[in-house]
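What follows is a short report on a single structure.
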Amino acid sequence: MNNEQTDTGRFWKRVLAGLFVLFVAAMALSFVIAGRKVSKVVDTEYYSHGLHYGEARDRDRAAAAGWRMTAALSRGRLQLQVRDAAGTPLSGGTAIFEVQTGDSGKNDTLVLVETNPGIYSAPQPAGAWSELRGTMRVSRGANALQERMVIFN
């Protein structure tokens with residue numbers, strides 16, 4: 001009879017040492033990849049991108065469309081002229097101006113009506129004598145352009 005016992009402890013020590021070496025190599029590789037490839041998650045403006053995602057998307061669409069708008073206060077009316085990339089008047093859109101009213105943080109919404117092709121107009125809000133501050137948004141279909149404006153009389 002053979003009464004010899006095999007030493008299995010040496011086998012398990014090698015397996016555990018191999019797993020430890022594999023773990024250290026995987027960690028080193030992940031550190032190297034993390035150092036070279038930066039994710040948007042570590043971007044300093046990460047949360048701002050999320051909060052203003054829709055605005056950035058609309059600006060990108062409008063930039064692709066090449067829209068331009070010019071606003072002026074004249075004779076008690078706010079007039080907005082919108083043109084496309086070719087310089088032709090942009091008609092059939094919707095124009096909304098969110099007017100900042102003082103330090104209260106409350107905004108008034110002013111809907112501009114198209115009077116001529118590409119020209120939108122609305123009465124000047126009461127109490128706005130020399131200037132209007134706010135955000136102008138013009139949209140037509142899926143495309144939109146939004147800009148912060150200060151309009152002087």
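Where a number appears in this text, it was derived from the coordinates with a stated rule and is not lab data. Everything numeric here is computed off the predicted structure, so don't read it as measured data. All Cβ positions, glycine included, derive from the backbone under ideal geometry; neighbour counts span all protein chains shown.
FRET efficiency for the pair residue 139 and residue 37, taken as 1/(1 + (r/R0)^6) with r the Cβ-Cβ distance and R0 = 41 Å, rounds to 0.65. Proximity of backbone amide H atoms, modeled 1.01 Å from N, is registered between residue 101 and 106, 108 at under 5 Å, excluding neighbours fewer than 5 places apart on the same chain.
Amide H contacts under 5 Å for residue 144: 62, restricted to partners 5 or more places along the chain or on a different chain, H placed in the peptide plane at 1.01 Å from N.
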